[in-house]
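Following: one structure in structure tokens, then a few remarks.
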Amino acid sequence: MEESNKIVKPEIVQRVMNKLPEADIVAKLSDFIKVLGDGTRIKIIWILEENEMCVNDLAVALNMSQSAVSHQLKTLKTANVVKSKREGKNIFYSLSDDHVKDIFLKTLEHIQE
């Protein structure tokens with residue numbers, strides 16, 4: 001082993017290695033963070049944190065086409081960030097649970113430090 005790769009505290013290295021999550025969990029975390037890493041989706045989350053909305057209202061609020069908003073909502077729904085409910089001809093979207101709001105608000109708090 002090269003001098004620069006010599007383990008100084010093998011017991012600590014082994015302990016932290018044992019605590020690393022499984023590869024599938026790391027992949028799921030990475031995918032979830034990627035979903036949140038889009039400006040339009042952040043705006044949608046911001047809006048839905050305040051109030052549930054239908055696609056048409058979101059499109060107006062974001063100055064985007066209904067199709068473009070629907071595409072982003074599908075991504076957020078697949079990642080379980082948002083949920084939907086039908087009322088007559090309209091489908092209303094909201095955040096799926098308080099965890100999403102907490103993650104979003106904690107991230108916001110972090111970047112504002």
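Add -39500 (n - 2.57) for each DSSP H run of 4 or more in the chain, then divide by its residues: what number comes out at 222 nm, to the nearest 500 deg cm²/dmol?
-19500 deg cm²/dmol
Rank these residues by their accessible area, most exposed first, probe 1.4 Å: Leu29, Leu108.
From most exposed to least exposed: Leu29, Leu108.
Under a 10 Å cutoff between Cα atoms, tell me which one of Leu36, Leu73, Leu62 has the largest fluctuation in the Gaussian network model of the chain.
Leu62
So what are the ³J(HN,Hα) numbers for the range 92-98, from phi and the Karplus equation (6.51, -1.76, 1.60; θ = phi - 60°), rounded to whole Hz, Gly and Pro as x?
Using θ = phi - 60°, the values come out as 9, 10, 8, 5, 5, 6, 5 Hz.
Grab the beta carbon distance between Ala61 and Ile103, set R0 = 25 Å, and tell me the FRET efficiency rounded to 0.05.
Using R0 = 25 Å, I get an efficiency of 0.70.
Comparing Ile47, Ile103, Ile12, which has the greatest mean-square fluctuation in the GNM of the chain with Cα pairs linked when under 10 Å apart?
Most flexible of the set in this elastic network: Ile12.
In Å², what does the accessible area per residue of the chain work out to with a 1.4 Å probe?
The answer is 76 Å² per residue.
Between Asn80 and Gln112, what FRET efficiency comes out of the Förster formula 1/(1 + (r/R0)^6) with R0 = 30 Å and r the beta carbon distance, rounded to 0.05?
My answer for the efficiency is 0.70.
For the chain, set up a GNM with springs between Cα atoms under 10 Å and report which of Lys28, Lys74, Lys101 has the largest fluctuation.
Lys28
Under Stokes-Einstein, with the Kirkwood radius over Cα pairs standing in for Rh, what whole-number D in µm²/s applies to the chain at 37 °C and 0.692 mPa s?
For these conditions, the coefficient is 198 µm²/s.
List the lysines whose alpha-carbon lies under 30 Å from that of Lys28, not counting same-chain residues fewer than 8 positions away?
Straight-distance partners of Lys28: Lys19, Lys43, Lys74, Lys77, Lys83, Lys85, Lys101, Lys106.
Suppose a student asked you for the relative contact order of the range 10-112, using Cα pairs under 8 Å spaced at least 6 residues apart; what percent would you report?
23 percent
The values are calculated or read from the model by the stated rules, or taken from the named source; none is laboratory data. Computed from a prediction, not measured in an experiment: that's the story for all the values here. Cβ: placed from backbone, ideal geometry, glycine included. Neighbour counts: every protein chain shown. Ligands, DNA and RNA are stripped out before the accessible areas are found, and what is left, the full protein with its side chains, is counted by its heavy atoms. Shrake-Rupley method; radii C 1.70, N 1.55, O 1.52, S 1.80 Å.
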